[in-house]
Amino acid sequence: MIRTLFRSRSPKVFDFHGGIHPPEMKHLSNSTPIAPGPLPAQLVLPLNMHIGAPAKPLVAPGDRVLKGQMIAEPGGAVSAAIHAPTSGTISAIGPRPIQHPSGMDAICLVLDTDGKDEWVTHSGVTDYTELSPGELVDTIRHAGIAGMGGAGFPTSIKVNLGDHQRVEELIINAVECEPYITADDRLMREHADEIITGIHILQYLLNPRRTLIGIEDNKPEAISAIKRACKGCDIEVRVVPTKYPSGGEKQIIQLLTGKEVQSGQLPAHVGVVCQNVGTAHAIKRAVVDGQPLISRVTTLTGDGVARPGNYEVLLGTPVRDLLSHGGVNPDALERLVMGGPMMGFTLHNPAVPVVKTTNCIIAATPEELPEPPEEQPCIRCGSCAEVCPANLLPQQLYWHAKNDDLEKAQHHNLMDCIECGACAYVCPSHIPLVQYYRYAKGAVRQQAADQLKADKARERFEARQARIDAEKAEKEARRQARLEANRKKKTDTAAAPAVDTAALKQASLEASKAYKAAVKAAKEAEANEAENSAELKAEAERLKAVADKAKAAVRDAKNAAPAAAPAEDRVATLKKQVGDASSAYKNAVKAAKEAEANGDDNAAELRASADTLKAEADKLKAELREAKANAPAAPAAAPQVDPVAELKQKVGEASSAYKAAVKAAKEAEANGDDNAAELRASADTLKAEADTLKAELREAKANAPAATPAPATPPPADPLVELKAKVGEASAAYKAAVKAAKEAEENRAENAAALRAEADKLKADADHWKAELREAKASAPATPKAAPATTDQPRIPEATAPQSLAAVDPEEAAKRQKRLKGLKTAYNMAHKQYKEAHAALERAERKEDVTADELNDMQRRVDKLKNKADIARDALDALVEEAKADIRAHTGKDLKTLKLEAARAESALADKAIELQRLRDSSSEESLEALNSELKALEAEAQIARKALKQAVEEQGLVE
Amino acid sequence: MSLITSSSPHASVKNNTGAFMRQVIYATLPGLAVLTWQFGWGTVINVLWAVVVALVSEALFLKARGRSIGFYLKDYSAVVTAVLLGLALPPTAPWWLTLVGVSFAIIVAKQLYGGLGMNPFNPAMVGYVLLLISFPVAMTQWISPGDAPSLQQSLQLFAGQLPVDGLSGATPLDTFRTWAGDEAALASHPILHGELAGQGWEWVNLAFLLGGLYLISRKIITWHIPAGFLAGLAAPALVAWLIDPVRFADPLFHMLSGGAMLGAFFIATDPVSAATSRNGRLVYALLIGVLIWVIRSFGGYPDAVAFSVLLLNLSAPFIDYYTQPRTYGHNKPNRGTGS
Ligand code: SF4
Ligand code: SF4
């Protein structure tokens, strides 16, 4: 008690710049108790009585509803429910006039009342601490509570700051600084206890360090009522001097805490939450009594009504009904203001309904609020600047706004004007200054929106341009590589082909140029804090990869040039083969390592293909050894070994190795990996090798008649059987892949798309083998085939790799989830204990026979518990923050990558289609077919990417 | 019920620009009274005549521009210009001098710029400077203090039928400027040794100070401009006087001579042509004060209120850009033009 006394004796109240003292006119309405309002025949309930998304109707015309029944639910995160203020029948849902500056109609629920005033079953909770904060927020949300002081921001949002925000001060705004209005004044005088309970609920939700109520000193009765009601609890009553606009959110924060809310920020940024007393009252009714927000106290005042005073008005009551309830004199009435005379709106139509934010209706006579005199020129007297609570220079703002010089107006901080009207009130030239500011602000917002749109379009265009350039370069590089390979094939055994490294170089140059441009764009975007800087960065990364790829192609082309020397000596050929194979292997290993380091999805695949290559190289080495061993011993053709068969086998092996490499490369490309180019290059090497071998085989066949015919050495196994086995394996692998992909899709794993693509490829593979089998069957006796034994090895690790990747994330998340839950429980417990202890202390304080020591003990206990709760809360905050950051980073990155991939796939598809179109007439059947199949593959890829993107977007939407 | 719709706020103060201006006119009355006591009826005649000329020129011009005459005359701004110029003119001024000055002030310095609120220069001072440059002799002939001519003489002077020479004498500022540096001569001129400062003029200035304080008390003007003005005038005067009291007049003499108080409270405070923010006004007025001291001490004219005010009028927009207040929610004030 001593503490409380001490505190209330020295409350520090700060001051703010400017302010005015218009005639208060509160005596008109503050002397009579709050009386019930009328029960009109019809209530009109706008779906948007609050700031945010309109509510969604839950009823249809003709439905009978009971009092308190929810008839419209929140239409979004920032929205509020609507309840039937009395029982009756919904007669219409449609446009009705509402209070809106533009005089526009809006969609309203129309309720024909039946006079029975029949309640829906409802109940509150006696001890709100039994509910978790989340449940309480839900209760508030479903009770349709929105800020009752004027703005109408949904309260559930304001009291649900997120766990990471610490509330220093909870400020209860009971200033009511506008002339005429006395609704909060009467509410405090008559329902102080309920208000205090509401504030306690807010405290429980927000756990502020301090709770302050600010009341203007022109309401002595309300001040003493509130002081009486909150005796002994940790709520500080601060009496502020009467001055308009002390009740402005920023002003009351400054008055009570000395803090300034930074321009463009919310009070929460300085650890302050502001709530109106009326809102606190509504919260108590909703939580303790189970009554949703269906009525409010509205001041009916002005010389135009016979019985001015405060009325408990049902929401939706047309102002007309309220006026006749208060005994309006229609002849004397000239101006009808909803809200106060400083910031309220004039009503064009008395059919407009009372809504959640309607704190006052002024029925003013011409003498009371005369029409403003004609506007005179601004004499720059500076009176306006003297009273501006935002410390602006209204005369300069006016000057620039009038001249449409928005830039200068903004330089004078136009956007910080709170439209309080103090400047216009004092202006001796009666300039409607606020009107000018509203106009200029609207223009500024419009301009900003237009600018944003233009910027976005430009950035999009630039990014697209960069992408197209890069793709061109990439394509060029690929084309060159293909060309190179073709040429190599043609001039196989002839002299070394002239490698067109110049073209490749050019392509590489272009690619790196594109990359640099992209980097620049990204940097600029970042400097401008553009939204898509991350995207641009990703784009730059990708272009870098492209450039690297192009460079690698150049390198490889250079390497390949000497490699394609004519093969004369068998040992030499083998040597070369061994060299090529082992370098291909090394490349693959390197690529795999890199991929692993980058945590790429296909690292396992790369590793597998590296293994294949190694096996290949080893085999070749063994062969070489053998050949070397045989070379001196049998310079002539060895009768034991049929060279044709041997070559055939070798060709088969080489071409399957080539196929595996191509597959790996394609996949890598699809995933946009860095090492795709390397893989492609190694595939090319292998192809060249295979080609060489094929050529050799052809030659050998041509020479065959001279040697002993084939039947002498029959193949060790029936080729058909082997092919069958292969088909079986391939389709099993395909099926496994499909299953994995499906599972991944169900779990919405990131790599579902990749898996699906994989499965498709395997299917193609299986199909290929099937076709071959068919062919082999048809020509079985004629062509015995050599069976490469090792080609199927890579499949096994491939199928299992993605699964192990998918498993990483959920585990981590689950762990955190568990920790989070534990901390939450700890915090809830600590908080509850603290609250209990606090309540006990309060009870004890009120009792006379408790000793000071006992009180001190209890106080200490309370402090300790609070401390504990605070610690738990801080830990919780930290963890939640971490988790949030993680999730954000994660999903954000994924989405962007996916977007990029989808875009890339689409454009690759488009390019390919164009290329096909172009080549249709000029190219050979074969290349057309190749292109066609490529096109199909790309189409499938694009499809998959699109799907993945869509899914991710939807997911994100849910998260948000 | 036909309801008025309007934009908030729906209430406003009862006063208006006209009332504002009328307060300024009332506040000049003590000064006018002392001027009349010291120098005869000349100033009253000047003021009345100037008002007539101002109203007629304004009405004619408004008519030519097709504006509502009644509405614009009601703002009293033309009357204020006329009164201030009338007070500044010598009591010996003939009718045509006032006619030229006032009509030029109203038509050229105010209406041609677009009327009230649009004029960058103080119209009264534009008129004054025009006359000072065109008719330097007529503009510098003042009556010796306490040697007031009769009403009849004043009327004759006004009509231009009485030679001024017999009545005129030097002002304290003139006298000091002529004999600065000569200690014996300065001591021998009684006009320099009134109760507080120069004879006669000390009372005139005190009367304007009184009127000015009234304006501050009625919140018609704020203290920034008068305080800045007087500080700007007194500070260099004090320093110089401490260094060489024979060459330089003391600060009190400066503040109570010539148009100092009229300038500080009535002329520099013309809101339209002054800087507009609080800080801006301080800077603006301080510079006017300093400039007056410089011209009085080293320039070719005995007094310099008009020149200094006009020069600073020219700089007012610039000063405004660099003296914006710190807006709520901003860490520091904006500077510059913003473009
Ligand atoms: S109060 Fe009115 S006349 Fe005075 S400076 Fe402000 S806008 Fe201009
Ligand atoms: S309306 Fe804007 S400019 Fe005028 S006093 Fe209020 S905040 Fe200042």
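A few points about this structure:
- Residue within the stretch B:196-210 that is touching a residue at least 12 places away in the same chain (Cβ under 8 Å) and of a type in the set (Asp, Glu) present: yes
- Residue match in the stretch B:205-222 (condition: within 20 Å of the chain's Cα centre (by Cα) and among the aromatic types (Phe, Trp, Tyr)): yes
- Each residue in the stretch B:251-272 was checked for being within 14 Å of another protein chain (Cβ to nearest Cβ) and surrounded by fewer than 24 Cβ atoms within 10 Å (Cβ to Cβ), and 2 pass.
- Of note, B:Ser57 satisfies the criterion of being over 19 Å from the mean Cα position of the chain (by Cα), surrounded by 20 or more Cβ atoms within 10 Å (Cβ to Cβ) and of a type in the set (Ser, Thr, Tyr).
- Subset of the stretch A:83-132 that is free of Cβ contacts under 8 Å to residues at least 40 places away in the same chain and outside any loop (DSSP other than H, G, I, E, B) - its residue that is farthest from the other protein chains (Cβ to nearest Cβ): A:Glu130
- Selection within the stretch A:395-411 - within 9 Å of chain B (Cβ to nearest Cβ) and assigned to a loop (DSSP other than H, G, I, E, B): A:Asp405
- Taken together, A:Leu414, A:Leu369, A:Leu392 contain a single residue that is facing chain B (nearest Cβ under 9 Å) and away from ligand 1 (no atom under 14 Å from the Cβ), which is A:Leu369.
- Qualifying positions in the stretch A:218-235 - outside any loop (DSSP other than H, G, I, E, B) and surrounded by fewer than 18 Cβ atoms within 10 Å (Cβ to Cβ): A:Pro220, A:Glu221, A:Ser224, A:Lys227, A:Arg228
- Whichever residue in the stretch A:397-428 is closer than 23 Å to B:Gly18 by Cα and more than 11 Å from ligand 2 (Cβ to nearest atom) and, among such residues, is surrounded by the most Cβ atoms within 10 Å (Cβ to Cβ): A:Pro428
- Members of the stretch A:354-371 that are surrounded by fewer than 21 Cβ atoms within 10 Å (Cβ to Cβ) and either free of Cβ contacts under 8 Å to residues at least 40 places away in the same chain or basic (Lys, Arg) (or both): A:Pro366, A:Pro370, A:Glu371
- Among residues of the stretch B:165-199, those that are out of contact with any Asp or Glu (no Cβ under 9 Å at 6 or more places or on another chain) and not in a helix (DSSP H, G or I), counted: 10
- So B:Val239, is it more than 30 Å from B:Gly117 (Cβ to Cβ), β-branched (Val, Ile, Thr), part of a helix (DSSP H, G or I) and not assigned by TED's automatic domain parsing to the domain that holds B:Thr178: no
- Selected residue [hydrophobic (A, V, I, L, M, F, W, C), closer than 24 Å to B:Phe265 by Cα, assigned to a helix (DSSP H, G or I) and within 11 Å of chain A (Cβ to nearest Cβ)] from B:Ala82, B:Ala19, B:Ala54: B:Ala19
- One residue from B:Leu60, B:Leu48, B:Leu112 being in a helix (DSSP H, G or I) and in contact with a helix residue (DSSP H, G or I) (Cβ under 8 Å, 6 or more places away or on another chain): B:Leu48
- Contact map, the stretch A:422-437: first residue of a type in the set (Phe, Trp, Tyr), second residue outside any helix (DSSP H, G or I) and more than 6 Å from ligand 1 (Cβ to nearest atom), Cβ cut-off under 6 Å, separation 6 or more or different chains; pairs are A:Tyr425/A:Ile20; A:Tyr425/B:Pro9; A:Tyr425/B:Ser12; A:Tyr437/A:Cys417.
- The stretch B:115-144, subset within 14 Å of another protein chain (Cβ to nearest Cβ) and over 14 Å from the mean Cα position of the chain (by Cα), residue nearest to ligand 1 (Cβ to nearest atom): B:Gly117
- Residue in the stretch A:367-388 that is under 30 Å from B:Lys110 (Cα atoms), in contact with an Asp or Glu (Cβ under 7 Å, 6 or more places away or on another chain) and within 13 Å of ligand 2 (Cβ to nearest atom) present: no
- Only one of B:Leu112, B:Leu60, B:Leu89, B:Leu99 that is away from chain A (no Cβ under 14 Å), more than 16 Å from ligand 2 (Cβ to nearest atom) and modelled with pLDDT of 95 or more: B:Leu99
- Selection of the stretch A:418-453 for residues being touching a helix residue (DSSP H, G or I) at 6+ places or on another chain (Cβ under 8 Å) and away from ligand 1 (no atom under 16 Å from the Cβ) yields A:Ile418, A:Lys441, A:Ala443, A:Val444, A:Gln447.
- Test: A:Val277 is assigned by TED's automatic domain parsing to the domain that holds A:Cys177, under 30 Å from the mean Cα position of the chain (by Cα) and either buried (at least 20 other Cβ atoms within 10 Å of the Cβ) or acidic (Asp, Glu) (or both): no
- Just so you know, in the stretch A:255-285 the residues that are in a helix (DSSP H, G or I) and in contact with a Leu (Cβ under 7 Å, 6 or more places away or on another chain) include one that is farthest from the other protein chains (Cβ to nearest Cβ), and it is A:Ile283.
- Residue count, the stretch A:424-458 (criterion: closer than 15 Å to A:Pro377 by Cα, facing chain B (nearest Cβ under 9 Å) and in a helix (DSSP H, G or I)): 2
- The condition of being crowded, with 18+ Cβ neighbours inside 10 Å and within 26 Å of B:Phe266 (Cα to Cα) holds for only one of B:Ala207, B:Ala227, B:Ala235, that being B:Ala207.
- Residue count for the stretch B:290-328, restricted to those that are within 13 Å of another protein chain (Cβ to nearest Cβ) and crowded, with 16+ Cβ neighbours inside 10 Å: 11.
- Between A:Glu386, A:Glu374, A:Glu334, the distinction of being surrounded by fewer than 24 Cβ atoms within 10 Å (Cβ to Cβ) and away from ligand 1 (no atom under 14 Å from the Cβ) belongs to A:Glu334 only.
- Test for B:Val246: is it of a type in the set (A, V, I, L, M, F, W, C) and at pLDDT below 90: yes
- Residue check, B:Pro91 crowded, with 24+ Cβ neighbours inside 10 Å and outside any helix (DSSP H, G or I): yes
The values are calculated or read from the model by the stated rules, or taken from the named source; none is laboratory data. Fair warning: this is a prediction, and the values are worked out from it, not measured in the lab. Note: ideal-geometry Cβ built from the backbone for every residue, glycine included; neighbour counts use all protein chains shown.
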